[in-house]
Structure formats: structure tokens, C-alpha cells
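These notes concern the structure reproduced below.
The values are calculated or read from the model by the stated rules, or taken from the named source; none is laboratory data. Everything numeric here is computed off the predicted structure, so don't read it as measured data. Note that we place each Cβ from the backbone using ideal geometry, even for glycine, and neighbour counts take in every protein chain shown. With ligands, DNA and RNA removed, areas are computed over all heavy atoms of the protein, side chains included. Shrake-Rupley method; radii C 1.70, N 1.55, O 1.52, S 1.80 Å.
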Amino acid sequence: MAGLELLSDQGYRVDGRRAGELRKIQARMGVFSQADGSAYIEQGNTKALAVVYGPHEIRGSRSRALPDRALVNCQYSSATFSTGERKRRPHGDRKSCEMGLQLRQTFEAAILTQLHPRSQIDIYVQVLQADGGTYAACVNAATLAVLDAGIPMRDFVCACSAGFVDGTALADLSHVEEAAGGPQLALALLPASGQIALLEMDARLHEDHLERVLEAAARAARDVHTLLDRVVRQHVREASVLLGD
Amino acid sequence: MADKPMIIGTSRSHLEQIMDAVLWSLGKQEFLDRFPVNLFLQNSTGQLKVWQIRVDLHLLNHDGNIIDAASIAAIVALCHFRRPDVSVQGDEVTLYTPEERDPVPLSIHHMPICVSFAFFQQGTFLLVDPSEREERVMDGLLVIAVNKHREICTIQSSGGIMLLNEQVLRCSKIAGVKVAEITELIQKALENDQKVRKEGGKFGFAESIAKQRITAFKMEEAPVDTSDVEEKAEEILAEAEPPPDVVSKPVLWTPGTAQIGEGVENSWGDLEDSEKEDEDEGGSDEAIIFKGVRMDVGMEVSNTGSQEAPIVLSDSEEEETIILEPDKNPKKIRTQTISAKQEKAPSKTAAKKRKKKRTAN
């Protein structure tokens, strides 16, 4: 928070939003025809692309096949041009592996893997522009892509980041707010039941404030869900028009 | 977790992820006072001199919840550490050895300590500090790192478990309580160590292990009635037969081949084609000794040959005991002994009707 006021006296953030306000979300499903499912999402300036292949037979070693469930394989990659300085390694570095692992855990819990034993579902996420909230954008894009692929899920998985500044919880942090060094929480939620699929926070946040930050993140995730739901319905409507129903 | 076998190698990425979180909570968030002159030394040309601290964690025994243990160990080690004192005068940086000036501790703001919670049956059951068995069957793990000021340093949920808001809040409260206790323990241990060092007593790893205590498996005491043990023992002794007198007299056939005692008579019936080169079967009254192969290990052929009551196990003349040749090399060494023994041998062998067979050297 060196010199930059993340929250003004009137309650406006750096980009003019209110504390609990999300950035503008635009999403499209079915961007690629070759893949089983694909989606593109823009959350403010953060742009993420997700592609899903599957369920198909296990590639590579057959021994990895799970007898009663599908194997979910996630890969995260961020383009070299996605950040302010050119990224050397788009994938394979530590952060990408971690993100991939987190995405996998999130989606393993949400996808009904029991319906596809001994098969594999691949989710590839690519970040084209990173302006804060990359994990959330990836999860949202991946949800849409999985839905586009027709793979059954328990519920939408909606994610949002949240922070805490000056006693107020902020929702959907941008890069500037993340870099300021305050506490940041990333939350992935199944909106209907309110269950938390993934929760990650690293910073110093007093216990008393945790509830408020969680609340803000959950509310933001539910707002994301409303938007994603609208996108899905729109897409289905368009597809059925094309099919001539 | 279903996909978490207990081989550390395969679950390493998960472990690494959590250890990263622990270390972030240490390093990223002004855990150490980075800016004073002690750690960052900037001389007049603007060059920065920096201390590098390395924490090595060695896991000695894994009985569950290594994350918590590792975080506590790392924190205590950093609190216990002393670095050499340094003084900066303009361009000059003087580093003092421990003898010149006492080493200085690191300035530590707070001590984040991890507390792990294991979830079972889709969040129905919650266990704090899971043991190894519990870890194997858990659905997922929630790690919360808190310091004693009840500030949450990091939260990580893993394993794809579904949590509810209230569960997370409850866990954070439990974590706060636990961490307060643990921080007290740590402070006490550090003070104790400092006191003992000052007074000149013994300190260190060996001293920290309590004596007279089995730290591994512990069995419960089972009550045993020993009131009439003495009488029973005497009864058993009286009724038992004396153990047979066994004197072992090895019969050395050739170097590397010996026979102790008598074997049991072959009760397999007629075995005309079976191999009869069984050395241990003891033999017939005919033993074939290869010429040129004599024991030189202190026992002569004559000695063994002169044993009373040659070991006879079967009267069959078909059974032969053929002693296989040991390695050729030993024979070469012993060529000298042949000449010495040759005079004796013929007489004895003649007396005992032993066949001599030339070795196929």
C-alpha cells in the first residue's frame, strides 16, 4: 500500500468499483469446434481460455486408470505475454504445477466422475492476460468448458478472489490490489449448496475478519454464478435455434 | 484421500504445496525484519549485502501430520538461531566471529504455526492433528496457519473436500486455541535452553530426550499370576529327561566337506538311479578320496580315517559317497603336502580298504 490508496474515503477502489463489486464478466462457450468443450472468459482485463477433452480412454499408462471413477487431468499455462514482463516459462514451473493441482482437486470434487470409470477427462486452461484473479477466471472458464463438453457436474463451480483493506472486504481483486500485499483469499464455491470446493489464503488476516472476507467472496461467487448461468442458457438457446428446434 | 498413497514420492507435489504455504507465511509476510541494517547491508556504492538463511527439515518418523510438526520445527529453529554480529561503517563491513562478539538472534515478529484438520464422510467428521492411519482414509485436509495474535497466516484446503462456511470458521477458532498452547510450549523450551546454556549445564538433542522412557511402542501390562511358579518349575525339572549328551565330532572328508553325526537311514526305498553323491548322507564303508587332495588344515586324512567305528549307515555296496572336488586352486597349493603324507596314506588306506582314485586334474 505504498502511496496508492486502495480504498478511498468515499469507498471507491482504484478502478472506481465499490468494495463488493465485481468486474465486468463476459464469457462465451464453444469457441473451438475441434475440442469437446471450450470456453473463453474475461473478468475485467483478465482473460482465460479453457478447453476440455473427454471423457476418453486413458492416455499413457493404463495403470493409472481408476476402476470406479474418471481421472481428471488439469493443466494450467499462462501465456508469455500475459503479464507486464514477458514470462520465461509458460508452463512447467512451480506456480503452474500448483495451479494445475488445485484445479484438479476442485474439479474432481465437482464432476460426477463415477459415471465414467476407467476414463480420463482433460482440462487445459490458458491465461491470455493476467490482471488479478487468475485462479478464479480459470475455474470459471473451466466450468463453462466442462458444461460445453456435456460432462455432468454436481453444480457450477464459481470462484472469486477477495481481499481485506482498511476494515473492508474487497471482492474480485485486480492486479494492483493483489500486488499491494494485503491478505488475499481465493474461494471456489458450489453455489446451490454453498459448499466450498477450494479455499486458499496466504497473508496475515485476523481471525475476526475471516468471516467477513469469506462472506464477501461467497457473495461474489454467487454473483458470478448468476452471470455464468445466463451465459449457458444463452448458448443453449443459440444452439437449439441452429438445430432448428 | 483416494489418490494419496503413502509413498512420499508420489504425494510430494501436495506436500510441497503445503510446505510452500508454510514458508510463505514465514517469509513473505514480514515474518522477519528485513529492513534494518542487520540483515540488509548497503554500502555507499549501493551494493546490497544480504544474509542468506537456510532451513533444512529432516523428517525422522512419520506418524501423521508432518505439516504441523514441520512448521513448528522450522519456527523454533529460526527462533533459536543466532547469526554473527556485524557492524557497518560507511563502506566497511566488519563481520565478528562468535568469539569476538556474541551472535545475535534474528528479529522475529510472529510465529505462524500450522494446524491440520482431517475431514471424513463429506465433512461430517472433523479430526484435529490426524495420525498416519487417519490420514490414509481421510477425505481431505484443511491446513490453517495461525499465530498467537490470532492472525490467520494461511489457509489451504486440499483433497477436493466440500466445506461449509461455519466449518472453516470453527476450524480457525480451534486453530487459534491450539496455537496459543503450542506457542507457550515453544517459549518455555527456548527459555529453558537459554537458561541451561548460561548456567553451563547440558543441552542439545541428547538432553532433550527423556531418559528411562520407551518412546516407541508401548504395550499394556497384562497381569500374570506368579504365585506358584517355583513349584511348577521344580516339577517340570524333575520329570524331564536329561538332555542327551551330544559331542560333535566332525569328520572331515576333504577341505570344505565335513560330516557331523550320523544321518538317518534312507527310507525312500530303492533308489537305484538316484544320485549317490550326497555328501551329507554319510557314507558307506567306502569313501573315495581323491589323490592329491588332502586336508592341510590341521587334520590329516589319517586322523579321520582312524576314527573308531567308521560310520556305516547302510550295508549296501552300491552306495558310494563321492566327494566332489573343491576348487582347483587349493589343490595346487597343497601339492607339497602330498609327498609328505603319501607314505602314511597308503598304509592306512590299505587297512581301511579305501579306494583311491586319481583326480582328473
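Note that chain A presents 46 Å² accessible area per residue, ligands and nucleic acids not counted, probe 1.4 Å. Using the average count of surrounding beta-carbon atoms within 10 Å as a protection proxy, the listed peptides B:228-235, A:232-239 rank, highest first, as A:232-239, B:228-235. Normalised per residue, the accessible area of the range B:64-127 is 49 Å², obtained with a 1.4 Å probe and no contribution from ligands, DNA or RNA. Once the gyration tensor of the Cα atoms in chain A is diagonalised, the equivalent ellipsoid follows with semi-axes of 31, 20, 18 Å, ordered largest first.
With 0.36 nm allotted per residue and the present C-alpha distance subtracted, the residue A:83-residue A:33 stretch has 15.2 nm of extension available.
Between residue A:114 and residue A:128, the modelled labels are 3.9 nm apart [label points 7 Å from Cα along Cα→Cβ]. Residue by residue along A:53-66, Cβ atoms of other protein chains within 10 Å of the local Cβ number 0 on average. Here the peptides B:168-181, A:214-227 are ranked by packing, the mean other Cβ count within 10 Å, and the order with the highest first is A:214-227, B:168-181. Each label was represented as a point 7 Å from its Cα along the Cα-to-Cβ direction; for residue B:195 and residue A:9 these points are 5.4 nm apart.
The length gained on full extension between residue B:324 and residue B:136, counted as 0.36 nm times the residue separation minus their Cα-Cα distance, comes to 62.0 nm. Between residue A:45 and residue B:185, the C-beta separation translates, for a Förster distance of 51 Å, into a calculated FRET efficiency of about 0.60. Compared with the dominant principal axis of the Cα atoms in chain A, helix A:207-243 is inclined by about 40°. Here the peptides A:81-93, A:48-60, A:131-143, A:150-162 are ranked by packing, the mean other Cβ count within 10 Å, and the order with the highest first is A:131-143, A:150-162, A:48-60, A:81-93. Here the alpha carbons of the range A:122-245 define both size measures, Rg and Dmax, at 16.1, 57 Å. What the phi angles of the range B:88-105 give under the Karplus curve with 6.51, -1.76 and 1.60, with θ = phi - 60°, is a coupling list of 10, 10, x, 8, 8, 10, 10, 9, 9, 6, x, 6, 6, 9, 4, x, 10, x Hz, glycine and proline written as x.
In this simple spin-label model, placing a label point 7 Å from the Cα along the Cα-to-Cβ direction at both residue B:53 and residue A:242 gives a separation of 5.8 nm.
About its Cα centre, chain A has a charge dipole of approximately 780 debye under the convention of +1 per Lys or Arg Cβ and -1 per Asp or Glu Cβ, with nothing else charged.
Surface composition of chain A: carbon plus sulfur atoms hold 49% of the accessible area, using a 1.4 angstrom probe and ignoring ligands, DNA and RNA. Around the amide H of residue A:206, modelled in the peptide plane, lie the amide H atoms of B:152, all under 5 Å away and 5 or more residues distant in sequence or on another chain. With a Förster radius of 60 Å applied to the beta-carbon distance between residue B:121 and residue B:240, the computed FRET efficiency rounds to 0.50. To the nearest ten degrees, helix A:94-110 and the longest principal axis of the Cα atoms of chain A are 70 degrees apart.
Stretching residue B:247 away from residue B:82 to a fully extended chain increases their span by 52.6 nm, per 0.36 nm per residue minus the current alpha-carbon distance. Residue by residue along B:145-154, Cβ atoms of other protein chains within 10 Å of the local Cβ number 5 on average. In chain A, taking the dipole from charged Cβ atoms about the Cα centre, the farthest positive-side position among A:157, A:20, A:54 is held by A:54. Close amide H partners of residue A:78, meaning residues 5 or more places away or on another chain with modelled amide H under 5 Å apart, are A:127. Chain A and chain B together bury an accessible surface of about 3000 square angstrom, both sides counted, with a 1.4 Å probe and no ligands or nucleic acids included. Peptide A:207-215 shows a mean partner chain C-beta count of 4 within 10 Å per residue C-beta.
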